[in-house]
1. Between residue 162 and residue 100, what FRET efficiency follows from the Cβ-Cβ distance if R0 is 22 Å, with the result rounded to 0.05?
2. Rounded to whole Å, give me the distance from the Cα center of region 4-22 to that of region 82-121.
3. Keeping the other protein chains in place, figure out the carbon and sulfur percent of the accessible area of the chain, with a 1.4 Å probe.
4. Using modelled amide H (1.01 Å from N, peptide plane; none on Pro or chain starts), what sits under 5 Å from the amide H of residue 120, excluding residues fewer than 5 places away?
5. Rounding to the nearest 20 debye, state how big the charge dipole of region 5-66 is about its Cα centre with +1 on each Lys and Arg Cβ and -1 on each Asp and Glu Cβ.
6. Check residue 34: other-chain or 5+ apart residues with amide H under 5 Å from its amide H, H built from backbone geometry?
7. Taking only C-alpha pairs under 8 Å that are 6+ residues apart, what is the relative contact order of region 62-143 in percent?
8. Highest first, please rank the peptides 104-116, 14-26 by the mean number of other Cβ atoms sitting within 10 Å of their residues.
Amino acid sequence: GRTWVGSRGFGLCRVDGDRLRQVPNGYLELIIESMQLGRDGNVWVGSNLGLFRTEGERLHPFQEATFGHYSRIPSVLEDREGTLWAGTWQEGLVHLRRATLDLIGPHQGLTGGVFSLAPRRAGGVWLTTSKGEIRTLQGTTLRVPGNLGTVLPNHLVGKDILEDAQGVVWIGTLK
């Protein structure tokens, strides 16, 4: 298998033997914020300049429908059904399924940027926001998961979230 490395300012790199090779992308200031292996073996890349995708040894901007206008993508996830989820810095969560693009944002009860995304064992997605919220999504239905929605003190913001094989939810914070 390949080893991919996302960096701040050097873009996406691939380990090649004992060297680190930059993947050609044509952008000087590319900051990688998140990466997710897609079901087809290509890598989804969330960055300061939007959403990208590898194709072989190259990195290309993803321009599906109107997806291209979301600038900063701090989190990306392709779930087991093939749905693409991309957390934006300010607009909310973009959901792409079978060429249908939806934005889940303030009108659905989601405020702030989406910092992290993770699959749920029961299906759907876990997410954390820049406002310190923890939510679950099933389809496009947003929910507060029991007492987890308010478990973090106001000064902590969940930067990473995952659910382990036993169903325990782990949250990494910025502070």
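The values are calculated or read from the model by the stated rules, or taken from the named source; none is laboratory data. Just so you know, these numbers come straight off a predicted model, no measurement behind them. With ideal geometry, Cβ positions are generated from the backbone for all residues, glycine too; neighbour counts draw on all protein chains shown. Accessible surface is based on the protein model in full, side chains and every heavy atom, while ligands, DNA and RNA are left aside. Shrake-Rupley method; radii C 1.70, N 1.55, O 1.52, S 1.80 Å.
1. That gives a FRET efficiency of 0.20.
2. Centre-to-centre distance over Cα atoms comes out at 28 Å.
3. Working: 4610 of 9270 Å².
Reported share for carbon and sulfur atoms: 50 percent.
4. Counting only residues 5 or more places away or on other chains, the set is 125, 126.
5. Values: 7 positive and 8 negative charges, 18 e Å.
So the dipole magnitude of region 5-66 works out to roughly 80 debye.
6. 46
7. Relative CO of region 62-143 lands at 21 percent.
8. 104-116, 14-26
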